[in-house]
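Right, one structure below, let's go through it.
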Amino acid sequence: MSKRVSFITLGCAKNEVDTAHMTARLVQAGYEVLDWEDLSPEAIDGGEARLDAIIVNTCSFLREAIEESLDTIFDAAGLPSVADGRTKLVVTGCLPSRFGDDLESELSEAQAFIPCKDETAIVATLDQLFGIVRDSRTEDTTGSIARTSRLTTAPSAYVKISDGCDRFCSFCAIPFIRGRYHSFTYESIHEEVQQLVEQGVVEVVLIAQDTGIWGSDLEPKRTLASLLDSLASSFPGTWFRVLYIQPEHVSEELLATIASHENICNYLDIPFQHVDRSLLKSMNRQGSREEFLQLIDRIRTILPEVALRTTYIVGYPGETEEQFDALCDFVSETDFDYVGVFAFSPEDGTRAAELPDRVDEDTKQERLRTLRELADTVSSSQLKRFIGQTLDVLVLGWEEDGQLLGRSGFQAPDVDGVTYLDKGTPGQVLPVLIEDTLYYEMEGTCEG
Ligand code: SF4
């Protein structure tokens, strides 16, 4: 009988993609991979239908994420069948990548640890735990397997186009966790998209730590614009959306490519982090208020309808009241559709954690609240521009109360709002007349 395993996936969309890749390997090797959300209490509590292994795919980007990962591991370790050894506990992803051997010596509750760079070892690791010996001819040593295996039938999926980051922003531990930047090849990305489309996916969201430099390390060099152009042309019935483009990589070529394909979402996610030049320099980032204003102008000239998202950090060491006020003015002035705001978190091992002039916690939280409220006001009024317009909406499914929902090209999964509509079937793209908005949500009637 095949071994039954399930993933608990924490953190960002990139981790979801890693889980999908590990799931694909396990399924190909004969494991049964069950969706954690669909498990019966009996399976979780260790009854007859118990799991053979629980795999916690962790995040360690920020302190809160580390705490959540550890809590999840301890909760899993406390389940009866894990505690008595009938169900194995495996920890994968960013936590083992960041803490290595220290984690293994501290966490005796888990039987195995797999850092991000070794995710291809998932089958070998579980085989070893279960004493499974394979014929070496059937072992997967090449990585030439299905890249994706989905446990859900949602019409939208993330595809990772690269991993790692060479940027070393002073506040960020990702380069130490995920390693150096490396693009995935066009062929492998195309193959993954092909598989997803065959499985019914209608929206593909391209992600990475730094999407804008995709292809710069390939031979011959490629660009993100060329990748989008090729994918959009190869899969004309599929929506493509790209997230996390650093400001200096929003090229004319990229904007022209988005403008020239109806199936590339008119949406850009550009993390600014701040607008003060000296703080940005201290963050080891480029740009300034003036440069960002010029960039926004350039984008809106080529893509007048574009939806824009960004993120800011408040309370970075040395941030003065004046610098924070200038950031607020910029947010009021630039009318972004979506703004993520984070309070600075001093992460061990990063340069910013060692900086003097820390902003005290109360001030940090006050600035977080102030900017959050301002951004909500600006962005929710910005969304009203769609009232009276007919937008294509991808139908996603139903909420628990039976309300049908979908997403327009102007809304990214997980971080933005949704569009409520009156009829449709998941996976359909329908014209919807937008009649109302509420904060980040839109509501409309299907015209199809
Ligand atoms: S670009 Fe900066 S914030 Fe983003 S992953 Fe790389 S180092 Fe971290």
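The values are calculated or read from the model by the stated rules, or taken from the named source; none is laboratory data. Quantities reported herein were computed from a predicted structural model and do not represent experimental measurements. Glycine also receives a Cβ, built like all others from the backbone with ideal geometry; neighbour counts cover every protein chain displayed.
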Tally the residues that are away from the ligand (no atom under 16 Å from the Cβ) and in contact with a Phe, Trp or Tyr (Cβ under 8 Å, 6 or more places away or on another chain), restricting the search to the range 195-214.
-> 5
Residue among Ser149, Ser144, Ser136 that is more than 16 Å from the ligand (Cβ to nearest atom), modelled with pLDDT under 95 and touching a strand residue (DSSP E or B) at 6+ places or on another chain (Cβ under 8 Å) = Ser149
Return the residue satisfying two criteria in turn: it lies in the range 91-133 and is at positive phi and more than 23 Å from the chain's Cα centre (by Cα), and of such residues it is modelled with the lowest pLDDT.
-> Gly100
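I'd like to verify a number: residues in the range 174-194 that are near the ligand (Cβ under 8 Å from one of its atoms) and of a type in the set (D, E, K, R), how many?
Taking the range 174-194 first, the residues near the ligand (Cβ under 8 Å from one of its atoms) are 174-175, 178.
From what's left, of a type in the set (D, E, K, R): 178.
Residues that pass the stated criteria total 1.
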Restricting attention to the range 177-193, does a residue exist that is touching a helix residue (DSSP H, G or I) at 6+ places or on another chain (Cβ under 8 Å) and in a loop (DSSP other than H, G, I, E, B)?
-> yes
Does Thr223 satisfy the criteria of being within 16 Å of the ligand (Cβ to nearest atom), crowded, with 18+ Cβ neighbours inside 10 Å and at pLDDT 95 or above?
-> no
Name the single residue, out of those in the range 1-48 being under 19 Å from Thr153 (Cβ atoms) and aromatic (Phe, Trp, Tyr), that is modelled with the highest pLDDT.
-> Phe7
Determine which member of the set Asp18, Asp71, Asp75 is of a type in the set (D, E, K, R), buried (at least 19 other Cβ atoms within 10 Å of the Cβ) and part of a helix (DSSP H, G or I).
-> Asp18
Might you check whether a residue that is among the aliphatic types (A, V, I, L, M), closer than 13 Å to Gly315 by Cβ and not assigned by TED's automatic domain parsing to the domain that holds Leu95 occurs anywhere in the range 338-350?
-> yes
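Of everything in the range 78-99, what is over 18 Å from Arg4 (Cα atoms) and buried (at least 21 other Cβ atoms within 10 Å of the Cβ)? Give them in sequence order.
Gly93, Cys94, Leu95, Pro96, Ser97, Arg98
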Residue pairs qualifying under the 7 Å Cβ cut-off, at least six apart or on distinct chains, with the first in the range 308-329 being assigned by TED's automatic domain parsing to the domain that holds Val359 and in contact (Cβ under 8 Å) with a residue 40 or more places away in the chain and the second being small (Gly, Ala, Ser) and part of a strand (DSSP E or B), are Thr311/Gly340; Val314/Ala343; Gly315/Ala343
Pairs only if they're at least six apart or on different chains, beta carbon under 9 angstrom, first in the range 162-173 and in contact (Cβ under 8 Å) with a residue 24 or more places away in the chain and near the ligand (Cβ under 9 Å from one of its atoms), second of a type in the set (Gly, Ala, Ser) and part of a loop (DSSP other than H, G, I, E, B); list them, first residue then second.
-> Gly164/Gly179; Gly164/Ala208; Cys165/Gly179; Cys165/Ala208; Phe171/Ser345; Ala173/Ser60; Ala173/Gly349
Evaluate the range 373-380: report whether one residue or more is surrounded by 14 or more Cβ atoms within 10 Å (Cβ to Cβ), modelled with pLDDT under 95 and more than 18 Å from Phe342 (Cβ to Cβ).
-> yes
With the checklist (1) buried (at least 19 other Cβ atoms within 10 Å of the Cβ); (2) in contact with a Pro (Cβ under 9 Å, 6 or more places away or on another chain) in hand, flag the one item Val242 doesn't pass.
-> (2)
Regarding Gly402, is this residue small (Gly, Ala, Ser), surrounded by fewer than 16 Cβ atoms within 10 Å (Cβ to Cβ) and in contact with a Phe, Trp or Tyr (Cβ under 8 Å, 6 or more places away or on another chain)?
-> no
From (1) under 30 Å from Ser282 (Cβ atoms); (2) in a helix (DSSP H, G or I), pick out the condition that doesn't hold for Arg358.
-> (2)
Residue count, the range 236-270 (criterion: within 16 Å of the ligand (Cβ to nearest atom) and part of a loop (DSSP other than H, G, I, E, B)) | 6
What number goes with the only condition from (1) buried (at least 20 other Cβ atoms within 10 Å of the Cβ); (2) free of Cβ contacts under 8 Å to residues at least 60 places away in the same chain that Gln411 does not pass?
-> (2)
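For residues in the range 275-292 being small (Gly, Ala, Ser) and away from the ligand (no atom under 16 Å from the Cβ), which is nearest to Ala352 (Cα to Cα)?
Once the filter is applied, the top-ranked residue is Ser278.
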